[in-house]
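Encoded as structure tokens, the structure appears first; notes follow it.
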Amino acid sequence: MNIKKSILIRVRVAFLLVCLFAFAIVYKIVNIQFFDGEKWKSISKERRIFYKPVFATRGNILSDNESILATSLPFYRVAFDPTVAKAEVFNGGVDSLAMLLARFYGDRSEDYYRRKIKNARHSGRRYIRMNSRQINYQDKKLMAQWPIFREGKNKGGVIFEKVEKRFKPFGLLAERTVGFINEDKNGAGLEYSFNGDLAGTNGEALFERIAGGSKPIYDGTEVKPLHGYDIKTTLDINLQDVAENALYKVLQKTDAEYGCVIMMEVKTGEVKAIANLGKTKGGYIEDYNYAVGNQGRTEPGSTFKLASMMALFEHAPDIKLTDTVDTGDGRYRIKNTVMSDSKIGGYGVLTVKEVFEKSSNIGVVKLMEKYFGTEQQAYVDYLHKFGLNSTLGFQMEGEARPYMKSPQDKNWYGTTLTSMAIGYEMKLSPLQTLAMYNAVANNGVKIQPIIVKEIRKADEVIQSFSTRVLNEKICSEATLKKMREMLEGVVEHGTAKNIHSKDYKIAGKTGTARKVKDGRYVREYSASFAGYFPADNPKYSCIVIIDSPKGVNVYGGDVAAPVFKELADKAYARDLAMHQPMHARVVPAKDSMPVLQAGSFDDLKMICNTIGLSTHTENTDEEWVKVSPKRRSFEFASNPVLENKVPDVVGMTLRDALFILGNQHLQVKVQGSGKRVQKQSMAPGTDIDKEKTITIILS
């Protein structure tokens, strides 16, 4: 009996405790709901409403003729607040909307989208993402006309969330130079170096946290973003294309590790092309800026003999190019090392000019020993005078710092002077070597290379960059005259005579430097050629580096100089100012007519006038025309380029076709190796789809 009574008491106590706990819960709910309700609503609102950045539109990167190298294109994510629309609008349009969504995205059924929208409205969800796929601006305009969506954001509930993507109309052209920047603000190239100008200033707006994401609240407090500035570069897309193709062919042929090309205007220092290709498992890509950065800073080899000979002529101005040096049998002992020339058996007695033309190591070393053997600091002082110990202040981040020894250094050995004289025991980047050659071409004026000309806001120039002189005169006129004669001799009679041109003069120097691995020189080479053209009136300077080429012919004259020649030929062919003047009008043969099909009206008109052919032109102000022969003349017809329409480039040269298609923001793929466009994959006059690539076939 006592046990039964005890159990009953325990049950009653437990029941009483449960009732008390339930009463406490009810009390707390009532207290929160009716007495502390406003307090908790206020806290909830504060946590639900927050400010979120509104990102600025990034500025464009333009070439020298204002073709777009990189731009930001708007894309959109489609979201929806199904609670906004009135019942009659919603019920009358939901079926049609679901059908259109299913057809557009093609990933789900019409029934799926109908249930998704209705369930969200029924449950009071104020934000649903219709699909993870992003749409372009044309698709956005189309969707804005659909049922419910056509009522707009405030009455229909549609939300188009803008997302910008970086787009490069010319694909991989100058990829590393254009560069990139990631979310952590790390990157490379112009995108990284000029990020402060390109990025703009972000704004901010009030957002509300809702189920499935966040929704903007436009209450007048939002701060609009300030969009980024455009930067106009000095790059010429045509020369850039030639440089990359010529470099790629040689790298593939020689199975080299990497290569780079830089081409710049002599007078202005404007970089017109800068190509960098490194070897990967899949081929060659622009993986690093070898032309400027630390990985491309190497011992320059024989291209540095230009600086050594300049120092020699400055130090001993009485030396004549006809003076002689006995290079012996091609082997020469210096301390405990033996130096050799590339020719087996040696060159014997050479003039000073021939020492440079044939790139005789022994000849240069003997001259250095004779004139600087007891004045080694004087040699280094000349190199400093030429500016070879300091950076150029190039506009892109990551310029390598030159490495150059001095007699006071602990690692200055008995052979250091002679090693430096032929381009060893010191390091320069290709751009720094090119600046020295450019100074010789520019009458001794050393200028700072530039790659960005202007920072602009639309058509307004915010900041401009012009030529900055680093050294008014790196050496005397007498020295310059000797150096020019020797540089021309290298191409006419010396190690680069394989690129001699009958149309114009080239001046330059080959280089073949042995590479160091694990502290020892190995039989791998860095081949190079640096120079300028036309030699009698220099317009461009250029340097080519081919690292670790394989095969029998691995010298600078064999692998690097031909790349220089191909680029120089193309630059010369397209620049009429470098050509010799025509003394008489060329009269076409009676049985032949030039091939003119399409292109720039001004260019084609000039060609016809030059060769004495008459033209017939429609009354049009169009820049681009189609051409058809008419007896002994040509008839020009308008070929307009319309916004958001595929242009007709059939019959045009590759240069004109790339210019027009690039300005229409189309990705272009080129097939064939002819001079003119024979076919194009997209029909002229159709709407442009920027996600697709247009293929042009050359003939």
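We did not get these values from a lab; they are worked out from the coordinates using the rules stated. These numbers come from a predicted model, not from an experiment. Don't worry about glycine lacking a Cβ; one is built from the backbone with ideal geometry, like all the others, and counts go over all protein chains shown.
Here the translational diffusion coefficient of the stretch 348-486 follows from Stokes-Einstein with Rh set to the Kirkwood radius across Cα pairs; for 4 °C and 1.567 mPa s it amounts to 75 µm²/s. With the cut-off at under 20 Å, measuring from each backbone N in the stretch 660-676 to a point 7 Å along the Cα-to-Cβ line of residue 645 picks out 660-667. Rounded to the nearest 10 degrees, the angle from helix 477-492 to the longest Cα principal axis of the chain is 80 degrees. When you restrict to C-alpha pairs under 8 Å that are six or more residues apart and normalise by the size of the chain, the relative contact order lands at 11 percent. Among 5, 570, the order by Cβ neighbours within 10 angstrom, fewest to most, reads 5, 570. Here residue 453 is the anchor, and the aspartates and glutamates within straight C-alpha reach of less than 17 Å, apart from those fewer than 8 places off in the same chain, are 64, 66, 191, 197, 230, 236, 265, 270, 397. For the chain, a crude dipole built from +1 on the beta carbon of Lys and Arg and -1 on the beta carbon of Asp and Glu, taken about the Cα centre, is about 3340 debye to the nearest 20. In this simple spin-label approximation, residue 109 and residue 401 carry label points 7 Å from Cα along the Cα→Cβ vector, and these lie 6.9 nm apart.
Report note on the peptides 530-538, 681-689: ranked by the mean count of other C-beta atoms within 10 Å, highest first, their order is 530-538, 681-689. The H on the amide N of residue 540, modeled in the peptide plane, is under 5 Å from the matching H of 266, 533, each at least 5 residues off or on a different chain. Relative to the longest principal axis of the Cα atoms of the chain, the long axis of helix 37-48 lies at roughly 20 degrees. Loop-located GluC sites (Glu not before Pro) across the stretch 144-191 with a Cβ neighbour count of 16 or fewer within 10 Å are 183, with loop assigned by DSSP. May I ask which residue of 276, 260, 17 lies farthest towards the positive end of the charge dipole of the chain, with charges of +1 (Lys, Arg) and -1 (Asp, Glu) on Cβ and the Cα centre as origin? It is 17. Average projection, convex hull of the Cα set of the stretch 237-578: 18.1 square nanometres. Protection proxy ranking of 657-670, 368-381, 420-433, by the mean of other Cβ atoms within 10 Å over each peptide's residues and highest first, is 420-433, 657-670, 368-381. Among the listed values (1) 31.6, 100; (2) 35.5, 138; (3) 26.5, 89, the one computed from these coordinates for Rg and Dmax of the Cα atoms in Å is (2). Annotation: peptides 193-202, 302-311, ranked by per-residue average of other Cβ atoms within 10 Å with the highest first, follow the order 302-311, 193-202. Between residue 447 and 470, the built amide H atoms are under 5 Å apart, and every one of these is 5 or more places off in sequence or on another chain.
In this simple spin-label model, placing a label point 7 Å from the Cα along the Cα-to-Cβ direction at both residue 88 and residue 409 gives a separation of 8.7 nm.
By the beta-carbon count within 10 Å of each Cβ, the least crowded to most crowded order of 452, 595, fewest first, is 595, 452. Bridging of residue 224 to lysines at a Cα separation below 16 Å is possible for 52, 162, once same-chain residues fewer than 8 apart are set aside. Only lysine pairs 8 or more places apart or on separate chains count here, and in the stretch 272-389 those with Cα atoms under 19 Å apart total 19. Annotation for residue 150 and residue 18: the two label points, set 7 Å from Cα along the Cα-Cβ direction, are 6.1 nm apart. Gyration tensor analysis over the Cα atoms of the stretch 238-374 returns equivalent ellipsoid semi-axes of 36, 20, 14 Å (largest first, whole Å). Under 18 Å of direct C-alpha separation, and excluding same-chain neighbours fewer than eight residues apart, residue 4 reaches no lysines at all. Here, the stretch 53-233 has an Rg and a Dmax of 19.5, 57 Å when only alpha carbons are counted.
Note on the chain: dipole from Cβ charges, positive end direction compared against 317, 426, 179; the farthest Cα belongs to 179. Compared with the dominant principal axis of the Cα atoms in the chain, helix 654-663 is inclined by about 30°.
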